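Some notes on the structure that comes next.
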Amino acid sequence: QVQLVESGGGLVQPGGSLRLSCAASGIIFSRFTMGWYRQAPGQQRELVATINSAGATNYADSVKDRFTISRDNTKNTVYLQMNSLKPQDTALYYCNAGFLYTNYWGQGTQVTVSS
């Protein structure tokens, strides 16, 4: 059974930082492209960042230079370090694992940026 379990969300003030984690089980983690997506109320889910099996990364323009995605294949975990957070970063953040035609999603972790 495949599980993606996100953690690390919460309430943070503008300019603050959070680190999200996503622990995967039931997959050959090192083969998968891992990603973070987010969905704000009333909006579509959007890509935040991805990291492929070779470690190559891709970011949405809105988070470049503020967010960093990384992975630890020994722990089957992907991370999202979020710095200089803005109110517009408020959303439910989802972890994604993709390989060929296979795609899995976590349940999401809420990030709220507010003073």
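The values are calculated or read from the model by the stated rules, or taken from the named source; none is laboratory data. These numbers were taken from a predicted model, which means no experiment stands behind them. Positions of Cβ are generated from backbone atoms using ideal geometry, with glycine treated the same way; all protein chains shown enter the neighbour counts. Surface areas here come from the heavy atoms of the whole protein model, side chains and all, with no ligands, DNA or RNA. Shrake-Rupley method; radii C 1.70, N 1.55, O 1.52, S 1.80 Å.
Structure notes:
- Neighbourhood net charge (15 Å Cβ-Cβ; Lys/Arg +1, Asp/Glu -1) for Asp65: +1
- Exposed loop sites, defined as trypsin sites (Lys or Arg not before Pro) outside DSSP H, G, I, E and B with at most 16 other Cβ atoms within 10 Å, are absent from the longest region of the chain, namely 1-44.
- Derived scalar couplings ³J(HN,Hα) [region 79-87; Karplus, 6.51 cos²θ - 1.76 cosθ + 1.60; whole Hz; x for Gly, Pro]: 10, 9, 8, 10, 10, 6, 5, 10, x
- Expressed as a whole percent, the accessible surface of region 59-111 that belongs to carbon and sulfur atoms is 48, based on a 1.4 Å probe.
- Accessible area (Å², per residue) of region 39-115, counting only protein heavy atoms and a probe of 1.4 Å: 57 Å²
- Shown are Ile28, Ile51, whose ranking by accessible area with a 1.4 Å probe and every protein chain present, most to least, is Ile28, Ile51.
- Per atom type, region 1-49 shows carbon and sulfur on 44% of its accessible surface, probed at 1.4 Å.
- Mean-square fluctuations from a GNM of the chain, with a 10 angstrom spring cutoff on Cα atoms, peak among Thr50, Thr77, Thr102 at Thr102.
- Taking region 26-99 and dividing mean pair separation by its residue count, relative contact order in percent (alpha carbons under 8 Å, at least six apart): 38 percent
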